[in-house]
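For reference, the structure discussed in these notes is given below.
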Amino acid sequence: MLTDLRLELRKAVRKSRMYIGPTAMSLLILAVAVGLKHSNPFEYLRRRMEQDFIVTGSFINAAFLCRHLLEGITYTFLPLFACMVCGDLIASEAADGTIRMLLCRPITRAQVVISKYVVACMYVLALSIGTGVLAYVMGTAFLGRGSLVLFSGGIWVLPETTAIVRLAAAYALVAAGMLAVGSISFAVSTFLSNSNGAIGAAMGILYGSAVIQEIEYFKVLKPYLLTTHLDIWHRLFVGPFDGHAFLKAILVMLVYSAASFAAGLIIFRRRDVLS
Amino acid sequence: MSEVVLETIKLAKNFRTRRAVDDLSLRVYEGDVYGFLGPNGAGKSTTIRMLTGLVRPNRGTARLLGFDVRTRHMDAMRNVGAIVETPAFYKYLSARENLSIFSRLSGGCDRRRIDQILDTVGLLDRANDKVKVFSHGMIQRLGIAQALLPNPKLVILDEPTSGLDPQGMKDVRELILRLANEEKITVFLSSHMLHEVEQVCNRVGVINRGKLIAEGEVKELLRHELDIVEFTVDDSTRAADILGRLDSLKVLSCEDGRVAVQSPAELISEANRTLVMGGLAVSAIVPKMMNLEDLFLKLVQEGGRAD
Amino acid sequence: MPLVLLTVLMLAGPLGAGNLTAKQVLEKAGRNYDAVRDYTVDAKLTVDSPSMHVPEMKIKVFYKKPNKVHVESKDGFAMLPRQGALVGNPLRDMAAGSDLSVERSERVSGDDCYVIKGTFQHEERSAQATVWIDKRYFLARRMSVNPEWGPSVSAKLWYMKVGNKYWLPRRTEATISLPPMPDENPDAERKPRGPTIVKLSFANYRVNTGLNDKVFQKQEGSR
């Protein structure tokens, strides 16, 4: 199995598709850091504060960048890039015909699926957490370090050390969410020969779920929808710590990941390879 | 009796309402170069996919080297090399890297062997080029190379000469013969190039509409068809009419002063006498050698079965 | 005769101290604060508020007469409610107020204090204030201010003698009703929920070192 995994990694790092996500995120982070350094979209908040407070220091720093980056990427860039890779791992080989070549070797279909899924997981986790690390490093270079200040139902100030721990946990939670999204895309790819279909299906499920969760008629489904829990990381920064909610969110994400993987494995083991 | 290295027992596959393979039972023995023939859509590729585990049969069993392909896939494929339809490779990797990856999945082999195989198929000087720049013929040869990686006892080749130029085809034919004769590798190949199959294969199986309609040694199959004689006469129409009235003789064709008939050998002289007594001038009596293509076309048109 | 003398002496004592007017008390108190022209001090700031969730902050406070204040944070960011700052002379505006009167005497932390009430002006707006000034050192020990321009504040102050000369706050505790906090979401519902308690503890005073005005130009933090 280790051989299979090494081979899958070897193939993966040679595919240009793997680098689209990291490149895009790097450019995005750079743009946001430069933008925050040279303009201050939150100036109105500071002026409002200075009416009643003596304010010292800046809250536009690396921690601030990391926190606000999450708002913009959790439902857009990260799921898209996760699906682009996870939905391509099997479907592209089916489209190219190399899946035939693989399966004509003394290797079980389960080995193929497992090794590819592990690569998918590694990519998603690396992308999500790597984004956070890169944002903090770039934020430090451009904006400096300091406490994390949030304006949400009051003012929340987290000292730098606490902020770093919470941000790490937030990105880890987002990574778990993206793993679930990528797993859905992976599962769809096991019966398609077109990675675009897998990407589109997974993104469609994601956005459809986001719409459904807001409709009163489907409120009974809400606790079980993935999108309900994708932004659980907000609660790491404001409000009292609700361990039960976090555990539930993590459990839902893990269930989605495991169920998607299991479905993909079953489908792939049973399907006829006709491409 | 040689060992059976490839066997199908009542193999069947349906795709929705279409029966692609129907009750297929064939055997390939150690040392055979077995040609698997059939028109387009006959079920050849589906059979090969079932033999390699790509497609699950609805009924029946496929065995390679004694192992059931479905239940013991890893054991079945361990000493088998296969090309199923057009070989496919990772275009962003070089030829050598592709072979390295596939070899590791088959237990691994060192760089020297990879280079040796690349040399065998004439691609050693292109080993470091990315596959995306390869021509169809080069990809075909690389496909044969990957089939040879695991030092196989059995090689399954689906249209191995497809896309090759005449020299390439000749090289592949010679390679197949070398594999069979020198390295004692059993070869199971499907092809449309019947004259090639006739040159390299000792046994063939003909499939049509999913059913095996003929199987056996090439010479034996053709011997059945050796009772054809062509008369060269001055009036082929009258000759065909006269010969058509004879029992145990069948007129096959009549054109341009030549009449071909199928008849047991002992009746040819009587047929000749009948023509001469009928006032016809017989200038030549030539036994016709049917080739595999003729046999194939005949079988497919008849849809019959010959053993 | 002795009885008359005793009566006069008895009356002279309390009358001698208790006869100070509110203005006089405030002027005497003001002299304590006016002796300090500038100072730098390290402070620990805690804010206990239902709408502010901030950890203890370590800050450095710079003050220069009459009303220049500058704050720097050792943690990179800090915010100090203006009304809770209580830096410099807390009686500056009140001394020029109107309707000043000594209402009564009251004990605060074991010390007798004058309780002075009045109205004072700040930038053309008025505020009602009550201040407790101890009779021994003439230091403001408690204050309660209801200004037109902002939230009401009630504060307690504890003092220490710095360099054996200057009375400066060792600890302050101010209770303020803050207005709704700013929110990233402009449509968010905002309402004050309960009082905010601002506690400052001071250490390492450096007094009358001649602070340059440039220190205060980094950021204007005037009251």
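The values are calculated or read from the model by the stated rules, or taken from the named source; none is laboratory data. What you see is a predicted model; the values in this text were computed from it and never measured. Because the Cβ atoms are built from the backbone with ideal geometry, glycine has one as well, and the counts that use them run over all protein chains shown.
Can you tell me how many residues in the stretch C:90-115 are under 12 Å from C:ARG141 (Cα atoms) and in contact with a Leu (Cβ under 8 Å, 6 or more places away or on another chain)?
3
Scan the strands (runs of 3 or more DSSP E) fully inside the stretch B:24-105 and keep the ones with 1 or more residues being surrounded by fewer than 24 Cβ atoms within 10 Å (Cβ to Cβ) and charged (D, E, K, R).
Correct list: B:59-64.
Can you tell me which residue in the stretch A:48-72 is farthest from A:LEU173 (Cα to Cα), limited to those that are surrounded by fewer than 21 Cβ atoms within 10 Å (Cβ to Cβ) and touching a residue at least 60 places away in the same chain (Cβ under 8 Å)?
A:MET49
Pairs please, first residue from the stretch C:154-167 and of a type in the set (Val, Ile, Thr), second anywhere and modelled with pLDDT of 90 or more, Cβ atoms under 6 Å, 6+ apart in sequence or on different chains.
Here the result reads C:VAL162/C:LEU168; C:VAL162/C:TYR205; C:VAL162/C:VAL207, each pair linking the stretch C:154-167 to a residue that is modelled with pLDDT of 90 or more.
What number of residues within the stretch C:88-114 satisfy the criterion of being free of Cβ contacts under 8 Å to residues at least 24 places away in the same chain and either among the small types (Gly, Ala, Ser) or within 19 Å of C:TYR33 (Cβ to Cβ) (or both)?
Residues flagged as free of Cβ contacts under 8 Å to residues at least 24 places away in the same chain and either among the small types (Gly, Ala, Ser) or within 19 Å of C:TYR33 (Cβ to Cβ) (or both) within the stretch C:88-114 amount to 2.
Just a yes or no: is a residue in the stretch A:264-271 within 19 Å of the chain's Cα centre (by Cα) and of a type in the set (D, E, K, R)? Talk me through it step by step, then tell me what you get.
As a first pass, look at the stretch A:264-271 and keep what is within 19 Å of the chain's Cα centre (by Cα): none.
No, the stretch A:264-271 contains no residue that is within 19 Å of the chain's Cα centre (by Cα) and of a type in the set (D, E, K, R).
Only one of (1) over 30 Å from A:ARG270 (Cα atoms); (2) modelled with pLDDT under 95 fails for A:SER193. Which number is that?
That leaves (1) as the condition not met.
Among the residues of the stretch A:233-255, are any surrounded by 13 or more Cβ atoms within 10 Å (Cβ to Cβ), of a type in the set (Val, Ile, Thr) and farther than 24 Å from A:SER128 by Cβ?
Scanning the stretch A:233-255, I find no residue that is surrounded by 13 or more Cβ atoms within 10 Å (Cβ to Cβ), of a type in the set (Val, Ile, Thr) and farther than 24 Å from A:SER128 by Cβ, so the answer is no.
I'd like the full set of residues that are modelled with pLDDT of 70 or more, in contact with a strand residue (DSSP E or B) (Cβ under 8 Å, 6 or more places away or on another chain) and not in a strand (DSSP E or B), limited to the stretch B:284-294. Please lay out each step first, then the result.
Start the filter on the stretch B:284-294 by keeping residues that are modelled with pLDDT of 70 or more, which leaves B:284-288, B:292-293.
Those still in the list that are in contact with a strand residue (DSSP E or B) (Cβ under 8 Å, 6 or more places away or on another chain) too: B:284-288, B:292.
Within the stretch B:284-294, B:LYS288, B:LEU292 qualify.
List the helices (runs of 4 or more DSSP H) inside the stretch A:133-244, counting only whole elements, that have at least 3 residues being within 14 Å of another protein chain (Cβ to nearest Cβ).
A:160-189
Name the residue, out of C:THR46, C:THR119, that is under 30 Å from A:ARG48 (Cβ atoms) and modelled with pLDDT of 90 or more.
After applying the criteria, what remains is C:THR46.
Of all residues in the stretch B:177-222, how many are modelled with pLDDT of 85 or more, under 12 Å from the mean Cα position of the chain (by Cα) and among the β-branched types (Val, Ile, Thr)?
Result for the stretch B:177-222: 5.
Regarding A:LEU127, is this residue away from chain C (no Cβ under 14 Å) and not basic (Lys, Arg)?
Answer is yes for this residue.
Please state which one of A:LEU89, A:LEU80 is in a loop (DSSP other than H, G, I, E, B), more than 14 Å from chain C (Cβ to nearest Cβ), buried (at least 18 other Cβ atoms within 10 Å of the Cβ) and in contact (Cβ under 8 Å) with a residue 60 or more places away in the chain. Spell out the reasoning first.
Numbers: A:LEU80 fails: in a loop (DSSP other than H, G, I, E, B).
Being in a loop (DSSP other than H, G, I, E, B), more than 14 Å from chain C (Cβ to nearest Cβ), buried (at least 18 other Cβ atoms within 10 Å of the Cβ) and in contact (Cβ under 8 Å) with a residue 60 or more places away in the chain holds for just one of A:LEU89, A:LEU80, which is A:LEU89.
Looking at B:LEU118, is it of a type outside the set (Gly, Ala, Ser) and away from every other protein chain (no Cβ under 14 Å)?
Yes; evaluated as a whole, the condition is true for this residue.
Mind checking which residues of the stretch B:121-134 are at pLDDT 90 or above and within 26 Å of the chain's Cα centre (by Cα)?
Listed by number, the list holds a single entry, B:LEU123.
If I ask for residues that are facing chain A (nearest Cβ under 9 Å), more than 15 Å from C:LYS199 (Cβ to Cβ), in contact with a helix residue (DSSP H, G or I) (Cβ under 8 Å, 6 or more places away or on another chain) and part of a loop (DSSP other than H, G, I, E, B), which ones from the stretch C:49-88 would you list?
C:ASP75, C:GLY76
For the stretch A:34-47, enumerate the residues that are surrounded by 16 or more Cβ atoms within 10 Å (Cβ to Cβ) and at the interface with another protein chain (Cβ under 9 Å from one of its Cβ atoms).
Passing the criteria: A:PHE42, A:LEU45, A:ARG46.
So if I check each of B:GLY163, B:GLY107, which one is more than 27 Å from the chain's Cα centre (by Cα) and at pLDDT below 85?
B:GLY107
Specify the residue that is nearest to the other protein chains (Cβ to nearest Cβ); the eligible residues are those in the stretch A:49-70 that are more than 10 Å from A:LEU167 (Cβ to Cβ) and of a type in the set (Gly, Ala, Ser).
A:GLY57
Within the stretch A:11-28, is even one residue more than 14 Å from chain B (Cβ to nearest Cβ) and without any contact (Cβ under 8 Å) to a residue 24 or more places away in the chain? Reasoning before the result, please.
Restricting attention to the stretch A:11-28, the residues satisfying the condition of being more than 14 Å from chain B (Cβ to nearest Cβ) are A:20-28.
Narrowing the set further to residues that are without any contact (Cβ under 8 Å) to a residue 24 or more places away in the chain leaves A:23, A:27.
Within the stretch A:11-28 (the criterion being more than 14 Å from chain B (Cβ to nearest Cβ) and without any contact (Cβ under 8 Å) to a residue 24 or more places away in the chain), the answer is yes, since at least one residue qualifies.
Given (1) assigned to a loop (DSSP other than H, G, I, E, B); (2) at pLDDT 85 or above, identify the lone condition not met by C:THR40.
(1)
If I filter the stretch A:100-109 for residues that are in a helix (DSSP H, G or I), free of Cβ contacts under 8 Å to residues at least 40 places away in the same chain and more than 25 Å from the chain's Cα centre (by Cα), do I get at least one hit?
Step one: of the stretch A:100-109, the residues in a helix (DSSP H, G or I) are A:100-103, A:109.
Next, from what is left, pick out any that are free of Cβ contacts under 8 Å to residues at least 40 places away in the same chain: A:101-102.
If we keep only those that are more than 25 Å from the chain's Cα centre (by Cα) as well, we get A:101-102.
Scanning the stretch A:100-109, I find at least one residue that is in a helix (DSSP H, G or I), free of Cβ contacts under 8 Å to residues at least 40 places away in the same chain and more than 25 Å from the chain's Cα centre (by Cα), so the answer is yes.
For B:GLN146, are the conditions met, namely being in contact (Cβ under 8 Å) with a residue 12 or more places away in the chain, within 10 Å of chain A (Cβ to nearest Cβ) and assigned to a helix (DSSP H, G or I)?
yes
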